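The structure under discussion appears below in the form of structure tokens.
The values are calculated or read from the model by the stated rules, or taken from the named source; none is laboratory data. Just so it is clear, the model here is predicted, and its values are computed rather than measured. With ideal geometry, Cβ positions are generated from the backbone for all residues, glycine too; neighbour counts draw on all protein chains shown. To get the accessible areas, we keep the full protein, side chains included, count just its heavy atoms, and leave off ligands, DNA and RNA. Shrake-Rupley method; radii C 1.70, N 1.55, O 1.52, S 1.80 Å.
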Amino acid sequence: MSKITFILNGKTVSVEGNPGVRLLDVLRNEFKLTGIKEGCGEGECGACAVLLDHKIVNSCSVVLANVDGHEITTIEGLKETSRYQVIRDSFGHAGAVQCGFCTPGMVIATESLLYDNPTPTEEDIKIGMSGNLCRCTGYQSIIEAVKKASEDGDGLW
Amino acid sequence: MADISKSIEKVDLYEKTSGEAKYVSDFSYDDMLYARTLRSTVAKAKIKGIRFPNLPEDVHIVDYKDIPGKNVVKIIFDDQEIFPTEVVTYIGQPILLVVGKNKELLEEIIHNTIVDYELMTPIFDWVSSAVHYHFQKGKPEEAFQKATKIIEYVYDTSYQEQAYIEPQGFIGTYEEGKVTLIGSIQCPYYVKNALLQALDSKGDEVRVIQATVGGAFGGKEEFPSLMACQLAVALKKIKKPIKMIYEREEDMISTTKRHPSKSKMSAAIGENGEILAIKSNIGIDGGANIGLSGVVLSRAMIATTGAYTIENIDSSGDVFLTNTVPNGAFRGFGAPQMLFAIDLFIEHIAKDLGIDPLEYRLKYLAKQGDPTSTNGLFRDPIIMPEMIKKALEISKFKEKAKIFSRPNVSKGIGMSWFLHGCGFTGSGESTHINALVKLHKTKEENVEILIAAVDMGQGVRTTMRKLVASLLEIPIEKVIYDLPDTDKVPDSGPTVASRTMMIVGGLVARCAKKMKDSWIPGEMLLEERYLQPSYIKWDEATMTGDAYPAYSWGVNVVEVSVDKTTYEVSVNEIWSVYDLGKAIDERIVIGQADGGIVQGVAYGYLEVMNHSNGKLLQKNFTDYIIPTSMDAPKMTTVIMDNPYPLGPYGAKGVGELTLVGGAPAVAKAIEMAIGKKVFSIPVTPEKIMELMKHE
Ligand code: FES
Ligand code: FES
């Protein structure tokens, strides 16, 4: 048992517990942040993506101990921002949401990508989104959505 | 009125992007338990005994002895046990559930449980036929006798895994004698009917509610009934809420997949190089039980001549039982296997005869008024010639084919033509399903759509509401369509077979028109039941007549590059032209088209799954490779209107059509790039290397 303190969606939180548990379980079970999805549990699908100090990570592959003193943003935190609104609208416009199970992870990946590189090329986008699997869309609409978010969100990133 | 196809914002856009949409794993209850599954590690054996470690008092074992009703999962063929009584027949088969509070502890118990097996001899070869079908059209024997030449080839296809990103799952409660399940499912009433039989319950003692579904593609058609029966038995025994969500690995090794197949094709060729008759024999691997395999087989066989009209046909097929994971529904449902075989076969015949394949294929392209493969009738206009023209134009097919056919270019372009029958095969809609839909206007003047159709990403929550709003000329906000709940909605049938918009939507549209004509303020309730058009005749025993009420049509063109040293294939671009009657929402249809073709093309060259002595060699996304954004080709889709009189606004089926032509198109493209005939998918670098060895 140990105490882990980190910033979660802008608030400082502490968790007493096994430092070896998956961040995914802590966020979903203790904090009820169920926008984070578990698609594979093995770091392969990106459905569980969150931002760790503004970089995308798969929360199923991060243990609680690793976030001590760091900042975690989940879809629940991101959705309060104006950047999220741009991403949401561009996903809607491009038709990039079908079953939606990959979508929160895709939104996180978009934020992470545009934060690093506000004007990505198509190739940058393909690489940036390649850790997130989608079985419904065939990706073209997602790539378009990221492109559009980058254009519409001019100045936000 | 604005064109119905003009896109609107998806009604679930906000809840899905924000993470608020509730999938089954997002539900929980206070004193909830978890269920984990003990699985067979052998392909065939008698269970002599099971030795458990010391079990804490609050851990429960649930097995066949706890089933109150029949130990059978009600599907179509009743040959699957809920829990094995004595014999296990495939690796990964669930034997029993371990239920308790602490998931880690359950894992540990499963790990330390020893099953004593008495091994039996498993079958992996395709020797034991459980279903055999045969039909003929015209006089194939005579044609083969007259033939001046006979051309024969064998085509084979492997497994494909649905790989929905959300694994299978249910959560259930037991309250006052009633079992309620919330699940990730395509067919609430399949699940409910299976539960009634398993629990020996009456109609109102079981309730099934659909959660938001994170992808299905057929994988959540019949498989969930097995899981639901197991969980319901546990609920009845333990009487506490229980959650049962599969891990990716157990999902991949134990749930249904696309049937591997082998099609032996032969053609009787006349003296002028014309096809006098085609004979096909397809075998599909059903796995350890029949389940839906017979129905899959019949859809495959009906596609024997694909988009072509051939005068004389002899078509036969078998479902073989093997001691492997049971196969089942997957978008396309048997058609992808046969369409791959036939579209390649006609191309290969043309090549062997030294005739330009494009010209040769055009000669046999089906036209309105032609008899179908089963001697039904293509009643409605077929606009394939215009569609093909368009596809040739936008893809620059002819120009590219000319360049790519030269040696050492290592690029190829391939074109597939195909059709997909909309709705259940044969008389299924009227005999098995008999769909009922209701439209309810509330006191507040909101209109509620009461149907069991499930939105699994294909957008039906948006398109159905749009349809009703448009017909009633009311704002879409006044139309309600909640996630189906069997306590509230009638059985409008399963969400399968590209039937939802054409059949269910057609009934909803009829209700809406009636409501509009008889509109009064305040409450109204209207219902419609499916009636087979009287001109549709189907004889199940001989497989003759109209197999489907209508057909959607398509053309796919795929361009590839093949690396000269590694034989790695990359898909450069895809062009598609579809006749799906009328798009109810263009953007949603394009979304289906994009996702479908990427799955279909990946089936043809990328997705590898196989087993060794009944053990699947791919069990997660590291081993089973599906396309990522890095593989995403540029896609252009053209939709051509060809309204079907009985579909709402003329709509026909969409979902499966967009997958079925992918594999033949990419296989032909690879064929051009490597200058060799392809007979087997997926066309992996290993297979290309094999082909290149045989000069
Ligand atoms: S659940 Fe974490 S990457 Fe798939
Ligand atoms: S929308 Fe279904 S997995 Fe991406």
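The Cα atoms of the protein assembly as shown define a convex hull whose projected area, averaged across directions, is 35.9 nm². Among the protein heavy atoms of chain B, carbon and sulfur supply 51% of the accessible surface, probe 1.4 Å, non-protein parts ignored.
Solvent-accessible surface of chain B, taken per residue with a 1.4 Å probe and all protein chains present: 36 Å². The label-point distance for B:Y29 and B:E176, in a model that sets each label 7 Å from Cα toward Cβ, rounds to 1.4 nm. What the Cα atoms of the stretch B:68-176 give is an Rg and a Dmax of 23.3, 74 Å.
Computed over neighbours whose Cβ is under 12 Å from that of B:A329, the net charge equals +2, Lys and Arg +1, Asp and Glu -1. The mean of 1/r over all pairs of different alpha-carbon atoms in the stretch B:515-599, once inverted, gives a Kirkwood hydrodynamic radius of 18.3 Å. A DSSP coil position with no more than 11 other Cβ atoms inside 10 Å describes the following GluC sites (Glu not before Pro) in the stretch B:152-232: B:E176. Filter chain B for me: DSSP H helices, axial length by Cα at least 20 angstrom, mean Kyte-Doolittle hydropathy not below -0.5. List them by residue number. Passing helices, by number: B:223-238, B:335-353, B:586-605.
Translational diffusion of the stretch B:1-47 was estimated from the Stokes-Einstein equation, with Rh taken as the Kirkwood radius over Cα pairs; at 37 °C and 0.692 mPa s the coefficient is 201 µm²/s.
Once you order the gyration tensor axes a ≥ b ≥ c over the Cα atoms, which shape class does the stretch B:483-534 get: rounded for a/c under 1.5, otherwise prolate or oblate by comparing a/b with b/c? Judged from the Cα gyration tensor, the stretch B:483-534 comes out oblate (a/c at least 1.5, b/c at or above a/b).
Over all pairs of different C-alpha atoms, the stretch B:194-346 has a mean inverse distance whose reciprocal, the Kirkwood radius, equals 18.0 Å. Using only Cα coordinates, the Kirkwood hydrodynamic radius of the stretch A:81-152 works out to 11.6 Å. Among the trypsin sites (Lys or Arg not before Pro) in the stretch B:422-511, those placed in a DSSP loop whose Cβ has at most 13 other Cβ atoms within 10 Å are B:K443. For the stretch B:101-246, pairs of C-alpha atoms spaced more than 23 angstrom apart make up 60 percent of the total. Backbone N atoms of the stretch B:494-514 closer than 17 Å to the 7 Å Cα→Cβ label point of B:L525 belong to residues B:511-512. What angle, in degrees between 0 and 90 and rounded to the nearest 10, separates the Cα long axis of helix A:103-116 from the longest principal axis of the Cα atoms of chain A? Once rounded, the angle reads 80 degrees. Hey, any idea what % of the stretch A:81-152's accessible area is carbon plus sulfur with a 1.4 Å probe? Roughly 46 percent of what the probe reaches on the stretch A:81-152 is carbon or sulfur. For the stretch A:17-102, GluC sites (Glu not before Pro) meeting the loop criterion (DSSP other than H, G, I, E, B) and having at most 13 other Cβ atoms within 10 Å: A:E80. Computed from the Cα positions only, the extents of chain B along the three principal axes stand at 77, 70, 48 Å, in decreasing order.
Computed from Cα atoms, the angle from the helix A:82-94 axis to the main principal axis of chain A rounds to 50 degrees. All other residues whose Cβ lies under 10 angstrom from that of B:P521 are scored, Lys and Arg at +1 and Asp and Glu at -1, for a net of 0.
Surface listing: B:H432, B:H134, B:H348 arranged by accessible area from highest to lowest gives B:H432, B:H134, B:H348, probe 1.4 Å. Taking every protein chain into account, the accessible area of the stretch A:2-75 amounts to 41 square angstrom per residue (probe 1.4 Å). Taking every DSSP bridge with both residues inside chain B, close to 75 percent are antiparallel. Length gained on full extension, B:N54 to B:I625: 201.5 nm, using 0.36 nm per residue less the C-alpha separation. Protein-only accessible surface at a 1.4 angstrom probe places the residues B:E104, B:E573 in the order B:E104, B:E573, largest first. What shape does the stretch B:428-529 have by the C-alpha gyration tensor, where a ≥ b ≥ c are the square roots of the eigenvalues, rounded means a/c under 1.5, and otherwise prolate means a/b greater than b/c and oblate the rest? It comes out prolate by the Cα gyration axes. Considering only the Cα atoms of the stretch A:112-157, their convex hull presents on average a projected area of 3.0 nm².
Surface listing: B:V560, B:V638 arranged by accessible area from highest to lowest gives B:V638, B:V560, probe 1.4 Å. Short-range pairs are left out: with C-alpha atoms under 8 Å and at least six residues apart, the relative contact order of the stretch A:2-75 is 39 percent.
The B:D204 and B:I76 beta-carbon pair, evaluated with R₀ = 30 Å, returns a calculated FRET efficiency of approximately 0.75. Of all DSSP-defined beta bridges confined to the stretch B:142-212, some 55% are antiparallel rather than parallel.
Just check the stretch B:43-119 against the gyration tensor rule for me: Cα atoms, a ≥ b ≥ c as the square roots of the eigenvalues, rounded for a/c under 1.5, and otherwise prolate or oblate depending on whether a/b exceeds b/c. Oblate, because a/c is 1.5 or more while a/b does not exceed b/c.
The distance between label points at A:I127 and B:K264 comes to 5.2 nm (points 7 Å beyond Cα on the Cα→Cβ vector). Principal axis analysis of the Cα atoms in the stretch A:2-75 yields extents of 29, 23, 19 Å, listed in decreasing size.
Under Stokes-Einstein, with the Kirkwood radius over Cα pairs as Rh, the value for the stretch B:205-276 at 25 °C and 0.890 mPa s is 148 µm²/s. For chain B, relative contact order (Cα pairs under 8 Å, six or more residues apart, normalised by length) works out to 16 percent. Seen from B:I47, the other residues with C-beta closer than 9 Å to its C-beta sum to a net charge of -1, counting Lys and Arg as +1 and Asp and Glu as -1.
Computed on the stretch B:104-222, with alpha-carbon pairs under 8 angstrom and 6+ residues apart, the relative contact order is 23 percent.
3J(HN,Hα) along the stretch A:56-63, derived from phi through the Karplus expression 6.51 cos²θ - 1.76 cosθ + 1.60 where θ = phi - 60°, amounts to 5, 9, 8, 5, 6, 10, 10, 8 Hz, with x in place of Gly and Pro. Pairing chain B with chain A buries about 3700 Å² of accessible area. This figure sums both sides and uses a 1.4 Å probe.
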